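The values are calculated or read from the model by the stated rules, or taken from the named source; none is laboratory data. What you see is a predicted model; the values in this text were computed from it and never measured. Please note: Cβ atoms are built from the backbone with ideal geometry, for glycine as well, and neighbour counts cover all protein chains shown. Please note that ligands, DNA and RNA were not included when accessible areas were found on the heavy atoms of the full protein model with its side chains. Shrake-Rupley method; radii C 1.70, N 1.55, O 1.52, S 1.80 Å.
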Amino acid sequence: MSDWIGETFTSDIGWDHLETLVDIGDRMAGSEGERQAAEATRDALSAVGARDTRLKPFDIQGWVRDSSAVATDAGSEACIALPRSPAGEVTGELVDVGYGLPEDFDRDLEGTVVMAASNVPEWYDRFLHRREKYYHAVEGGAAAFVFRNHVEGCLAPTGSVGTPEAPIGDIPAVGVSKEVGARLSRRFEGEEVTVRVDCETPDATSQNVRADLGPDTDEAVLLTSHIDAHDIAEGASDNGAGTAMVVELARALADRESELDTRVHVVCYGAEEVGLLGSGYDATERDLDDVTAVVNNDGVGVARTLKAYTHGFDGLQEAVDIVADRFDHPIETTPRLGPHSDHWQYVKHGVPGYHLTSHTGSADRGWGHTRADTLDKLEARTLREQAVLLTELVVHLADEGTSVEHRAPEAIAAQLEAEDYAEGLKVTGDWPY
């Protein structure tokens with residue numbers, strides 16, 4: 001065992017690929033940069049020993065940023081449009097709904113410009129996704145939506161609106177920094193402000209990267225990440241590090257292929273940031289009964305301790321515990337559902353799936369989805385340490401002696417209800433049952 005551990009601790013393969021991805025620049029879904037990143041990832045997987053590396057294209061609704069503004073009587077405030085916002089200019093009374101909890105929208109919002117924060121209070125029992133707040137505003141009759149960052153540093157947050165079925169949202173939407181949001185609320189709440197978004201929505205093509213390791217079995221462990229990133233930053237943590245991790249794991253697994261009893265199928269998705277489109281496309285193409293587990297890397301490498309959402313699958317929890325005990329190394333776990341990354345396209349159907357991320361001590365994205373998502377926030381040491389643990393986890397899952405039972409979709413639906421996710425998924429149009 002020690003040889004592959006030493007090689008992983010000294011490998012530059014994953015980190016070098018991370019640098020390749022961030023240096024491409026714009027990796028927005030459907031862009032030329034996203035395609036370059038996919039091709040580079042395909043080539044990196046081939047170089048480390050994965051077989052049948054290829055791209056699988058699919059059509060999407062593109063979105064290309066132009067200018068945007070929040071205008072008041074005192075001038076124009078800095079903002080950025082949220083991807084898949086429609087183009088348009090509207091004027092309405094500014095209403096600050098605070099955290100944007102469901103009950104915060106229980107007021108007359110017809111024709112207003114609604115502003116909501118990007119976080120939730122510490123006492124609240126779940127994370128509220130940006131799209132949930134956006135669609136509560138839409139449902140309330142708002143004319144525009146302003147998403148206010150809660151992280152200091154004059155960083156406007158991004159993140160898509162819309163749904164896979166209606167990819168362009170209903171009302172113009174922009175992100176503003178914490179500082180701009182505070183100023184808007186203090187000086188202009190109850191007064192008219194104007195929100196303007198200019199953008200283009202061309203037809204576009206994204207692509208998934210696919211490759212295989214281990215025996216050619218029908219059953220497979222899916223090793224996944226997403227390649228795309230928002231166009232305003234390098235996308236280092238979200239999710240360059242996740243794809244770099246997959247390349248590093250593929251290198252280690254290629255050296256341990258004789259230990260794999262089940263095929264490891266690598267899928268690095270396109271268009272995750274605009275509605276989990278690549279994973280949704282992939283999930284509809286395969287027999288989900290043949291997926292033994294999904295190991296989705298989205299947020300790894302951000303902090304030194306791994307965090308695993310096990311989504312109520314006892315076998316996934318057991319596998320993490322075995323690896324953590326074997327290496328006497330902590331891995332944070334939670335059995336709660338997390339419906340906001342690519343694993344969800346499988347988990348919602350009862351397929352065992354992890355969301356592997358980092359334990360940061362916070363439920364929010366931190367620097368993610370802002371211009372500050374840059375390479376300098378990450379360390380090669382953390383990537384390597386986590387690669388050791390995740391390599392062992394994949395090998396364990398691919399062992400013929402490991403079996404993780406699928407769950408009934410009805411059980412997933414009941415857990416969503418119990419954990420208070422159902423209302424949000426229904427208001428965004430993402431309720432799958």
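Summary of computed values
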{"item": "Any hit, the stretch 312-331, residues being part of a loop (DSSP other than H, G, I, E, B), open to solvent by less than 10 Å² (accessible area, probe 1.4 Å) and either closer than 23 Å to residue 27 by Cβ or in contact (Cβ under 8 Å) with a residue 60 or more places away in the chain (or both)", "result": "yes"}
{"item": "Some residue of the stretch 260-279 being acidic (Asp, Glu), modelled with pLDDT of 95 or more and touching a Phe, Trp or Tyr at 6+ places or on another chain (Cβ under 8 Å)", "result": "no"}
{"item": "For residue 354: the one exception among (1) assigned to a loop (DSSP other than H, G, I, E, B); (2) under 28 Å from residue 162 (Cβ atoms)", "result": "(1)"}
{"item": "Subset of the stretch 345-367 (residues that are over 19 Å from residue 247 (Cα atoms) and open to solvent by 10 Å² or more (accessible area, probe 1.4 Å))", "result": "345, 348, 349, 359, 360, 361, 362, 363, 364, 365, 366, 367"}
{"item": "Residue match in the stretch 372-390 (condition: within 21 Å of residue 236 (Cβ to Cβ), open to solvent by less than 20 Å² (accessible area, probe 1.4 Å), of a type in the set (D, E, K, R) and within 15 Å of the chain's Cα centre (by Cα))", "result": "yes"}
{"item": "Strands (runs of 3 or more DSSP E) fully within the stretch 176-261 counting 1 or more residues that are under 21 Å from the mean Cα position of the chain (by Cα) and farther than 24 Å from residue 166 by Cα", "result": "203-213, 220-226"}
{"item": "Criterion violated by residue 399 - all others in (1) touching a residue at least 40 places away in the same chain (Cβ under 8 Å); (2) within 24 Å of residue 276 (Cα to Cα); (3) open to solvent by 40 Å² or more (accessible area, probe 1.4 Å); (4) out of contact with any Lys or Arg (no Cβ under 7 Å at 6 or more places or on another chain) satisfied", "result": "(2)"}
{"item": "Among (1) touching a residue at least 40 places away in the same chain (Cβ under 8 Å); (2) surrounded by fewer than 24 Cβ atoms within 10 Å (Cβ to Cβ) - the single one residue 136 does not satisfy", "result": "(2)"}
{"item": "Options 228, 216: the member that is under 30 Å from residue 290 (Cβ atoms) and open to solvent by less than 40 Å² (accessible area, probe 1.4 Å)", "result": "228"}
{"item": "Among (1) among the hydrophobic types (A, V, I, L, M, F, W, C); (2) buried (at least 24 other Cβ atoms within 10 Å of the Cβ); (3) under 18 Å from residue 338 (Cβ atoms) - the single one residue 283 does not satisfy", "result": "(2)"}
